[in-house]
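Read-outs throughout are calculated quantities, based only on the coordinates presented, and are distinct from any laboratory measurement. Just so it is clear, the model here is predicted, and its values are computed rather than measured. Heads up, the Cβs are rebuilt from the backbone with ideal geometry, glycines too, and the neighbour counts pull from every protein chain shown.
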Protein chains: 4
Amino acid sequence: MTAMQLGLIGLGKMGGNMRERIRRAGHTVIGYDRNPDVSDVGSLAELVEGLDAPRTVWVMVPAGGATQSVVDELGGLLSPGDTVVDGGNSRWTDDEKHAAELGAKGIGFVDAGVSGGVWGLENGYALMVGGDKAHVERLQPIFEALKPEGPYGYVHAGKVGAGHFSKMVHNGIEYAMMQAYAEGWELLEKVESVDSVREVFRSWQDGTVIRSWLLDLAVNALDDDEHLEKLRGYAEDSGEGRWTVEAAIDHAVPLPAITASLFTRFASRQDDSPQMKMIAALRNQFGGHAVESTK
Amino acid sequence: MTAMQLGLIGLGKMGGNMRERIRRAGHTVIGYDRNPDVSDVGSLAELVEGLDAPRTVWVMVPAGGATQSVVDELGGLLSPGDTVVDGGNSRWTDDEKHAAELGAKGIGFVDAGVSGGVWGLENGYALMVGGDKAHVERLQPIFEALKPEGPYGYVHAGKVGAGHFSKMVHNGIEYAMMQAYAEGWELLEKVESVDSVREVFRSWQDGTVIRSWLLDLAVNALDDDEHLEKLRGYAEDSGEGRWTVEAAIDHAVPLPAITASLFTRFASRQDDSPQMKMIAALRNQFGGHAVESTK
Amino acid sequence: MTAMQLGLIGLGKMGGNMRERIRRAGHTVIGYDRNPDVSDVGSLAELVEGLDAPRTVWVMVPAGGATQSVVDELGGLLSPGDTVVDGGNSRWTDDEKHAAELGAKGIGFVDAGVSGGVWGLENGYALMVGGDKAHVERLQPIFEALKPEGPYGYVHAGKVGAGHFSKMVHNGIEYAMMQAYAEGWELLEKVESVDSVREVFRSWQDGTVIRSWLLDLAVNALDDDEHLEKLRGYAEDSGEGRWTVEAAIDHAVPLPAITASLFTRFASRQDDSPQMKMIAALRNQFGGHAVESTK
Amino acid sequence: MTAMQLGLIGLGKMGGNMRERIRRAGHTVIGYDRNPDVSDVGSLAELVEGLDAPRTVWVMVPAGGATQSVVDELGGLLSPGDTVVDGGNSRWTDDEKHAAELGAKGIGFVDAGVSGGVWGLENGYALMVGGDKAHVERLQPIFEALKPEGPYGYVHAGKVGAGHFSKMVHNGIEYAMMQAYAEGWELLEKVESVDSVREVFRSWQDGTVIRSWLLDLAVNALDDDEHLEKLRGYAEDSGEGRWTVEAAIDHAVPLPAITASLFTRFASRQDDSPQMKMIAALRNQFGGHAVESTK
C-alpha cells in the first residue's frame, strides 16, 4: 500500500471518525473544521498548502449551501490535476454542477455516498462512488482504508452523481425497512397473547427471512427500553428520503412503501394534524358527529 | 299512493328524523326507542301489536349486538308474511344470517344502507337496498317517502347483503374523498402566496372538476372557522371503512387511497405514535441522531 | 360591461373554446395558433399589432418550453403597461420567473389556473388567478366572460403563482377523488350479490355524501360501456399531480391518498412491473416459490 | 439430550426437510403424507399406533381446511396427555379453536410459526411458539433440533396463538422489506448514470444500514439474471400478509408500508386494472383525454 495524503474538510460526527480510520490505515490526514478544537489547521488555504500536488481533498460538510461554498473556495485554492471528493449527503443533481465547475479549472471531482454512522469507525464505511475512472482510481487507497474488510462495502457505481444517487436510494430503502419493523413492533405490542415483543424480536435474529443489521439494532434499543417509553414518536428526515421520492416521480416509478415511510415521519412532527381537522370538520358537517375541540 | 303502517325501532339522530319524514309523506309510523321520551310505545311487543298484518318493521339501531338482539326478539314476535328491514350500518355478512334466521320463520328480510345524515329530513335519504324482489316491493311506499325527490337516491342493489355492501363501499369512497380535500387544504394552508384558502375552496364550487356536496360542506365549515383552529385533528371511524378494506383483501382488490384514509384516522387518535418511537430508536442506534424524550 | 380586446395564443382543445366563449360575451379576440387553419393572424407580431395599447395577451400553450418561448417573444413585442396572462398548466415556480422577466420591461403578469375541460364552453371555466391587484383588475371583464354564471368559479387567490398553485392542488385533489370512485367501483364489480354496479352509482347521484360532478361523469361513462370493457386500464398524468406531491414534500405535508393516486397511474403504464420482478425473485430465492417466466 | 419420538404429518417442501433435520439430531420421526412415496406409514392411525404415549404429533399441512381435518382426526386418535403442534401457517384465530377442541379431550396444543424456507435444512428453522408452558417444555428437544445453532431463532412467544401471530407479523414485515428493496431496485435501474445496479446491491452487503439476508438473496437473484428479464412481475400472497392487515385494522394500528406491499402484489396479478379503466373513463369524460382501447 502506498501511504497517501488527504485533506479532509468537516470533522463532525462522521468526518472526525473517518479521519481516525484513515490515519489508522497509515495515511496522512490534514483535517479542517470551523471548530478550532478539532481542526488540524486554521483555514482551507493552510490545508491546501500542507498537501503535496496532486492533492486530494475530501469534503464532509452538510449538503447544500455549506458544500457549495467549500467547493467554490476549493476551486480558487486548488490546481489542475487535484481532485475533490464530496462525501457528504449532497443531492445527486449538485454533483454535475460541482464537477463542471471544478472541471473547468482542471480539477477532478468524485462523489461518494458514505454509510456507516457511528459504527463506521470500527466496522468500516460502505462507499458508493461516482466519477471518471481516472479520478476514482487515484482515491483507491483512501477508499480501501474507509471501507469494511471483506469483499463488499465499496462500489464505483458509475458516472459523476451515481455515488450519491445510489446512497440516496439506499436511504430510501432504509426508510421503508425501518418502517416495516416499526409497524410490526406496534402491532405486536397491541396483542395480549404475546408475552414479550422484545423476545420475539430477539429470536428473529437468526433463521428468519427478516434478519438484518437493523433488526439487531432494534433489539439493542429494546434492551435499553423495552417499550420505548422514554422516547417520543418523532422522527426527522434527512433529505435523501425526499429526493428519492422526487427522483421516482421524475422517472414515473411508483414507490408506495418508501413514500409512506417518508409521510409517517412528516406526520410524526405535527402536534396536531391540519388535514385531520378538515376530516373532523366534514364529519361534523354531514353527520353531526361530535368533534374534539382544542380547548 | 297507498298509506302504509311501519314499525320503526331506534329513534336516535337518524331514526327520529326518518319517522318524521315518513309521517310527512302520509304514512303511519309506530316508533319504539329505549328512551321513553321519544318512544311511541313501551315495548317491541306493543309495537308489533299495533301493526296490522302483514307487518313491516324497520330496525335502525347500532350495528352488531344491538341489531342482533332486536332481530332475535322480532323473530319471536312477528308472524309469517311479515318483513323486517335493517336500515342500520350492519356489516353485509350479518345480513345473510339475519335473513336465514327470520326466513326460517317465514319472515322476510331486507337490508337497507341509508345515507343522508343530519340533512336527510329535508333533502331525503339515499337508499341502497338488498333482498328478494317480493320483500323489497312491499316496502316501496316507504322507500319513496324516504328517498330524495327526483330520479336518483334509490337502488335495489341485489340480493340480501347487497344494500349494506353498497353503502359500505359508499362510505369507503367517502373516506378517500374527505381525505383528498383534507390533504389539499393542508397543503394550500402552508403556502404563503395564497391569501385565503377558504376563498379558493369557495371558488371551486362551480366550474371545477372537483365540485361536490362534500366541497360545499367544507366551505360551510371554513365559514364557521376559517383555519379550523377550534377543532382537534382527531377522527373516529365507523366500521364501514374497516369493512371496505377487509372486503377488498378478501377479493384481492388494491385500495391504496381508501386504506390510506382509514390509516390517517387511526393515527389521528394516537397521542404518540408507537411505530415512530421505533423509528426514532433505530435512527438513534445507527446514526446517533438526537431523539426527543417523553419528559 | 366594457367590451375588451384580447390576444389569445394557443387555440387547441381549451384555447379554441375559450375564444368562442369570450366572443359570445361581446369581446374582441385575436387568436394565434401555429396551425393556420384555426389562427386569426399569421404571427405573434401581427397579433400584437392588432391590439390597442394597453394590450392584454392570454397565453394558452403547453407548460414548460412552449410557454417559456412565447413569454420570451412577447417580452420583445409588448410595451410597458401591457399585461400577459398565463392560463396554461404552468408550474407555479415558473410564474415568478415570468413575472420578473416581463416586469423588468414594465409588462404585467398574471397566472390563471383554468378548469373546465370540454364542458367549459357551455358551463364556464373555473378560474384561479394570481398576481398584483392592478393587473388582475384590468382582466376582470375577460374573467367574467370565462367563468360560470353564479357566485362561484372565480378567485383572485393571491400573489403571482397563487393561481397555478391553487389549480395544481385542485388537480391533486381530483386525482384522489377519481381514485376513490375507481377503487369503490372495482370492489363492487367483484361482488356477486350486487346486480348492477352502474345502477348503484346512478343512485348515488342524489342524497348521498359522495354526490359530485365526477360521480355524474362516472355514470355517463358506465352508460356508454357498463363494465368499461372497451378501455385499457391506462392513465397518463399531466404534471400537476407530480408537482402537488413535490410541493408537499417541500412543505413536509403528508399526502398519502393523492400520492397513492399518482402511483397507480405510474403503475398502469408499465407492461410488467420491474419491482414485482424483484419480489418474485426474492420469493423464489427463500421459499422456492414458483415464478412465472416471461416466455 | 433425550432422544424423542415425533409424529410428523405433512412431508412437503417444509415438512420433508424438517423430518430430515430432526432425525439428524438423533430423534425418531414417523412421517405421514398423503403421497405414499414419501410417507413412512399408511395412515394417521398407523402413525399414532407407532408412537409411545405420551405422544407428540407435529402437523405441517396447509392452513385452513387441511389443518382442521387433521386436527379433527387426531382428536379421535390421540389420548389424554398427548400433545399436538400446529407448525403450518394457520391463522392465529384458528389456534384457540384447535386448543379448545383438543383440550376438551385432555390433549395439549402448541402453535409454532416456522420460518426458514428452503434454507432451513442446513441453517435451521426459526421458531415462534405459543402455548402452555407444560406443553411447550415437552417439545423442547424437537425445538432444539429444528432451530439454528446459536442463541437466537427460538422464542416461546406467549399463550396459544402467540406463535402464529408472531410469525404472521414476521411475514408482514417481510413483505414490506421485500417491497423496499424492490422499489429501490426499480428506481436505480431507471437511472443512466449507474453502470450496474447489481454491483451497487452487492456492495451494500457490508457496512451499510440496509444489509440483511434478503439483500444477500437479492444479489443471488441478480447474479442469476442481472435485469430479471426471465421473470414476470407477478407475486402471490400467502395469507399472512392479509391477516396482518386485518389484525392491524382490528387494533386500529396504521400499517401503511406493509399494506402498500400487499396491494402491489394484488395489482401484479391483474392483467388489466379495473380501477384504472375507471380513471381512464373519467379523464375521457371531463377532458376529452385520449384513452387506449382494449383492441
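Okay, here's what the table says:
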read-out	value
Global form of segment D:185-295, assessed from the alpha-carbon gyration tensor, a/c cut-off 1.5	oblate
Förster-model FRET efficiency, 41 Å R0, A:GLU192 and B:GLU292, C-beta, rounded to 0.05	0.90
Among D:GLU137, D:GLU229, D:GLU240: highest mean-square fluctuation, GNM of chain D, C-alpha pairs under 10 Å	D:GLU229
Under 5 Å, built H, 5+ apart or other chain: amide partners of B:ILE30	B:LEU6, B:GLY7, B:LEU8
Inter-part distance where segment D:76-109 and segment A:60-85 are each reduced to a Cα centre, Å	69
Percent RCO, i.e. relative contact order, over chain B, from Cα pairs under 8 Å lying at least 6 residues apart	12
Dipole of segment B:1-153, positive end: most advanced residue of B:VAL48, B:SER115, B:PRO80 [Cβ charges, Cα centre]	B:SER115
For chain B, the fraction of alpha-carbon pairs in successive 10 Å shells from zero, as %	6, 23, 28, 21, 14, 6, 2, 0
Within-13-Å neighbourhood charge of C:ILE279 [Cβ basis; K, R +1; D, E -1]	-2
Candidate lysines for bridging to A:LYS13, where Cα separation is under 22 Å - those fewer than 8 sequence places away on the same chain excluded	A:LYS147, A:LYS167
Inter-copy separations for C:ASP224, label at 7 Å along Cα-Cβ, nm, ascending	4.0, 4.5, 5.9
Alpha-carbon gyration tensor eigenvalues x 5, square-rooted, for the protein assembly as shown, Å	51, 50, 24
q = 0.11 Å⁻¹: log10 I(q)/I(0) that the Debye formula gives for segment C:1-159, counting C-alpha atoms only	-0.37
At 7 Å out from Cα toward Cβ: B:PRO54 inter-copy label distances (nm, ascending)	6.0, 7.7, 9.5
Value at 222 nm in deg cm²/dmol, rounded to 500, when DSSP H runs of n ≥ 4 in chain D each add -39,500 (n - 2.57)	-15000 deg cm²/dmol
Theoretical gain in end-to-end length, C:SER238 to C:GLN140 [0.36 nm per residue, Cα-Cα removed]	32.5 nm
Net charge contributed by nearby residues that have their C-beta within less than 13 Å of A:ALA145 (K/R +1, D/E -1)	+2
Candidates D:GLU199, D:GLU96, D:GLU122: whichever shows maximal mean-square fluctuation once chain D is modelled as a Gaussian network with Cα springs under 10 Å	D:GLU199
Chain C, rotation onto B, residue closest to that axis via Cβ, with its distance in Å	C:SER212, 2
Antiparallel %, DSSP beta bridges [both residues in the protein assembly as shown], to 5	25
FRET efficiency, 1/(1 + (r/R0)^6) with R0 30 Å, evaluated for A:ASP271 and C:LYS133 via beta carbons	0.25
Inter-copy label distances at B:GLN5 (7 Å, Cα→Cβ; nm, one decimal)	7.3, 8.1, 10.7
Chain D: most fluctuating residue of D:GLU49, D:GLU186, D:GLU149 per GNM, C-alpha cutoff 10 Å	D:GLU186
Nitroxide proxy distance, nm - points 7 Å out along Cα→Cβ at D:GLU46 and B:ASP72	4.9
DSSP beta bridges in chain D [antiparallel fraction, %, rounded to 5]	20
Sequence-separation-based contact order of segment C:5-160, relative, with Cα cut under 8 Å and 6+ spacing, percent	19
